[in-house]
Amino acid sequence: MEPCPICQEPIDYSFNRGLEVSSVSCLRCGNYHITREALANLKTFSVEPRQRANASGWLYDNPSSKITTHNLDQLMSTASTSFHERANKILLAMERRTEYAGEFVPYNKSWISWGWCLNEAELKEILGFLASSQRIISQPVMGRGPAYKIAADGWQKIEDIKKINADSLQAFVAMWFDATMQDIYDTAISEAILAAGYKPHRVDQREHNNKIDDEIIAQIRRSRFVVADFTGHRGGVYFEAGYGKGLGLEVFLDMQKR
Ligand SMILES: [Zn+2]
């Protein structure tokens with residue numbers, strides 16, 4: 001069986017849907033779909049391991065995404081997260097799998113994607129940091145490797161992360177910049193945001209097909225939440241929504257029926 005085209009780990013399974021789209025189930029990237037053309041393009045790319053790790057982490061955070069030639073470049077240039085952002089992602093992912101405080105979560109290799117890590121060594125380094133800062137506690141499980149639980153300082157940190165930008169009044173709007181969308185923005189999206197007491201922020205009309213630029217990242221980082229409208233299926237909109245979600249912001253999804 002061929003390795004996962006994104007992270008290159010051995011995959012659970014993949015199958016072709018009508019030959020045009022393959023569905024892949026990868027222990028690290030999760031489930032995603034990729035078109036035949038995107039798969040062929042990907043094989044011609046030379047991709048740095050860090051780019052693969054970022055793409056894999058993004059796919060894990062956004063399950064059942066479809067990779068096409070329109071969003072492939074964007075996926076493979078997903079911005080890296082900092083060491084502390086990776087540690088926070090792992091903590092939040094542990095929380096999602098914890099039903100009661102004190103529960104131990106068994107370790108497995110898919111945690112690499114929880115933290116957008118390059119490899120297991122980096123994951124272990126971050127787990128070591130979380131343990132030494134007393135946010136998590138590890139416990140060996142007989143014959144099964146370690147398990148971890150969130151410690152008191154970890155619960156505190158989780159609350160702090162969730163209060164991210166609590167003072168911000170800005171709402172980031174991710175949408176297609178097409179003339180047909182202006183009316184929807186004016187009469188629906190921006191009005192609803194203003195009515196809720198926030199200030200909509202829409203990056204100007206520049207199309208950003210290949211990369212989410214620093215200005216967009218900076219604006220998402222200082223927003224309270226993200227509103228994403230997927231009309232037109234623009235790659236940039238998916239990535240802005242995914243980026244906001246990865247930061248722990250609330251993301252409201254919307255699509256115009258036409
Ligand atoms: Zn993978």
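The values are calculated or read from the model by the stated rules, or taken from the named source; none is laboratory data. Computed from a predicted structure; not experimentally measured. Methodologically, a virtual Cβ is constructed for each residue, glycine included, from the backbone with ideal geometry; neighbour enumeration extends over all protein chains shown. The protein model used for the area step is the full one, side chains on, heavy atoms only, and it has no ligands, DNA or RNA in it. Shrake-Rupley method; radii C 1.70, N 1.55, O 1.52, S 1.80 Å.
Per DSSP H run of at least 4 residues, take -39500 (n - 2.57); add these up for the chain, divide by its residues and hand me the 222 nm value, nearest 500 deg cm²/dmol.
-11000 deg cm²/dmol
How about segment 69-123: which GluC sites (Glu not before Pro) there are in a DSSP loop, with at most 13 other Cβ atoms within 10 Å of their Cβ? Don't skip to the end; give the middle numbers.
Details: sites: E85, E95, E99, E103, E120, E122; in loops: E99, E103.
Those that pass, being in a loop and sparsely packed, are E99, E103.
Compare the peptides 132-145, 227-240, 152-165, 71-84 by average per-residue count of other Cβ atoms within 10 angstrom and give them in order, highest first. Don't jump to the answer; show the numbers that get you there.
Working: 132-145: 12.7, 227-240: 20.4, 152-165: 14.8, 71-84: 17.0.
Going by the mean number of other Cβ atoms within 10 Å, highest first, we get 227-240, 71-84, 152-165, 132-145.
About the Cα centre of the chain, what is the dipole size in debye to 20, counting +1 per Lys and Arg Cβ and -1 per Asp and Glu Cβ, all else neutral?
Details: 30 positive and 32 negative charges, 110 e Å.
Here the size comes out at about 520 debye.
The mean sequence distance of close C-alpha pairs (under 8 Å, at least 6 residues apart), as a share of the length of segment 83-162, puts its relative contact order at 34 percent. Atom-type composition of the exposed protein surface of segment 115-157 places 52 percent of the accessible area on carbon and sulfur (1.4 angstrom probe).
The separation of segment 211-243 from segment 43-84, counted between C-alpha centres, amounts to 15 Å.
The apolar share of the surface of segment 34-94, taken as the fraction of accessible area on carbon and sulfur atoms (1.4 Å probe, ligands and nucleic acids excluded), comes to 52 percent.
Within the accessible area of segment 170-254, the carbon and sulfur atoms contribute 52%, probe 1.4 Å, all protein chains present.
What number comes out for accessible area per residue over segment 83-162 if the probe is 1.4 Å? Units Å², please.
On the way: 4150 Å² over 80 residues.
Result: 52 Å² per residue.
On the basis of the beta-carbon distance and an R0 of 41 Å, R97 and A179 show a calculated FRET efficiency of 0.35.
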